[in-house]
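The values are calculated or read from the model by the stated rules, or taken from the named source; none is laboratory data. Here the structure is a predicted model, which is why all the values come from computation and not from measurement. Positions of Cβ are generated from backbone atoms using ideal geometry, with glycine treated the same way; all protein chains shown enter the neighbour counts.
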């Protein structure tokens, strides 16, 4: 069963909240941490936090991609977004 857009969005917000915890704990933005993590510049010394942090970052990226895909293919969303632009609620 495919998750709904709302479920994906809820999961995205949950992942972002978790990322904020790690950013505050380590005083480092998640995107910068992840680049360093992939480059092998983080020495975890058994610190499971870094693996978990990287996992949340990857989950966030995947959820963002899925949100974008759904937005681009959903005609009702595109039509409602166009009306928001026409009404001046959203800038082009």
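When you look at residue 44, is it in contact with a helix residue (DSSP H, G or I) (Cβ under 9 Å, 6 or more places away or on another chain) and touching a residue at least 24 places away in the same chain (Cβ under 8 Å), yes or no?
Details: in contact with a helix residue (DSSP H, G or I) (Cβ under 9 Å, 6 or more places away or on another chain): yes; touching a residue at least 24 places away in the same chain (Cβ under 8 Å): no.
Spelling it out, it is not the case that residue 44 is in contact with a helix residue (DSSP H, G or I) (Cβ under 9 Å, 6 or more places away or on another chain) and touching a residue at least 24 places away in the same chain (Cβ under 8 Å).
Pairs only if they're at least six apart or on different chains, beta carbon under 6 angstrom, first in the stretch 8-19 and modelled with pLDDT of 95 or more, second surrounded by fewer than 18 Cβ atoms within 10 Å (Cβ to Cβ) and in a helix (DSSP H, G or I); list them, first residue then second.
That search, which allows pairs on different chains as well, returns 15/59.
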